[in-house]
Amino acid sequence: MSFDVLQEKIRAMRNPTVAGLDARISYVPEHIRREAYDQFGEGLKGACEAIYLFNTALIDALCDIVPAVKPQSAYYENLGWQGMEILERTIRYARDKGMFVIADVKRGDIGTTAAAYAEGWLSGTEIGGETFRTFDADCVTLNAYMGSDSVSPFLEAARKEDKCVFILVKTSNDSACELQDMVAGDRLVYQVMGDLAERLGEGHEGKYGFTDVGAVTGATYPSDIQSLRKRLPHTFFLVPGYGAQGGTAEDVRYAFNEYGHGAIVNASRSIMCAWQKAGTDGWDFADRAREAALAMRDDICRCVTIV
């Protein structure tokens, strides 16, 4: 089970965190931008290469202390095909460094369209009897608003490759309650989605008791995370909202079970842009990112004991 792989990495590093790779060109230090622009020009190609250099340096700085990275596809899609090409390269580089890769794509569709998405992100595309693996992430995020048949093609692809998925359940944004807290029969909408995740994974529990269907549960709603953890004992949680969005270590502790298992907490800007927060010129960006990642680990492990 892929979440077994992730949990093993978390236990080995004693670090239940994932670093977002949501880079904009403004996050990249000037000396890296200048190097890329001098070679490729001050346009899309130069910006993409600068972001790729930034990503790989961050991965080098973090791969021995952080178990996973989470690139958000929007930050690459906005750069066109060249951005998607560096996303593919970034994922490959991270996996080669031993990191677990969660592709934050939030896809949600049905039938052959969902199958095509799943091939692109998880299982590969068959051409002439040969399978070509394109993005080849370990895990993807999904929007299951269209129901279980918008998830099943991804699960079919994931299970062939020993991979996994996260379904949006209770997100960290301010307006999440406009829909997710609506009453649906005897449950709230986010509880319906959580129950769907638990049901879709049933019978696919791994070594640590978690299935291959996880849930996105925002750190900004700690009481909801606490109730979801009890409600969904076999569901692995991805927890956004720590740090810049206001979530604290005290908040995210509710995502873990009694063994400190079953959740991974995301931070993006606080790690990528640590050099900007420190007010430096960016030459030390990798060291600053590493310091921020270690500080996040230590902060969360004040509240969570991983056994």
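What to note about this one:
- Residue count for segment 241-282 under the criterion of being over 21 Å from V5 (Cβ atoms) and open to solvent by 10 Å² or more (accessible area, probe 1.4 Å): the result is 23.
- Filter result (closer than 18 Å to E85 by Cα and either in contact with a helix residue (DSSP H, G or I) (Cβ under 7 Å, 6 or more places away or on another chain) or touching a residue at least 24 places away in the same chain (Cβ under 8 Å) (or both)) within segment 125-140: T125, T134, F135, D136, A137, D138, V140
- If the condition is being farther than 12 Å from C273 by Cβ, open to solvent by less than 60 Å² (accessible area, probe 1.4 Å) and either part of a loop (DSSP other than H, G, I, E, B) or among the small types (G, A, S) (or both), then segment 22-61 contributes A36, G41, G43, G46, A47, A50, A57, A61.
- Looking across segment 129-150, the residues that are assigned to a loop (DSSP other than H, G, I, E, B) and touching a Lys or Arg at 6+ places or on another chain (Cβ under 6 Å) come down to D138, N143.
- Subset of segment 105-142 that is within 18 Å of V5 (Cβ to Cβ) and acidic (D, E) - its residue that is most open to solvent (accessible area, probe 1.4 Å): D136
- Failed condition for E8, given (1) open to solvent by 50 Å² or more (accessible area, probe 1.4 Å); (2) of a type in the set (D, E); (3) more than 21 Å from C139 (Cβ to Cβ): (3)
- Counting only residues that are under 16 Å from S150 (Cα atoms) and not in a loop (DSSP other than H, G, I, E, B), segment 189-234 holds 13 of them.
The values are calculated or read from the model by the stated rules, or taken from the named source; none is laboratory data. Only a predicted model underlies this, so the values are computations on that prediction, with no experimental measurement involved. Virtual Cβ from ideal backbone geometry, glycine too; neighbours counted across all protein chains shown. Quick note on the areas: whole protein, heavy atoms, side chains included, nothing else; ligands and nucleic acids left out. Shrake-Rupley method; radii C 1.70, N 1.55, O 1.52, S 1.80 Å.
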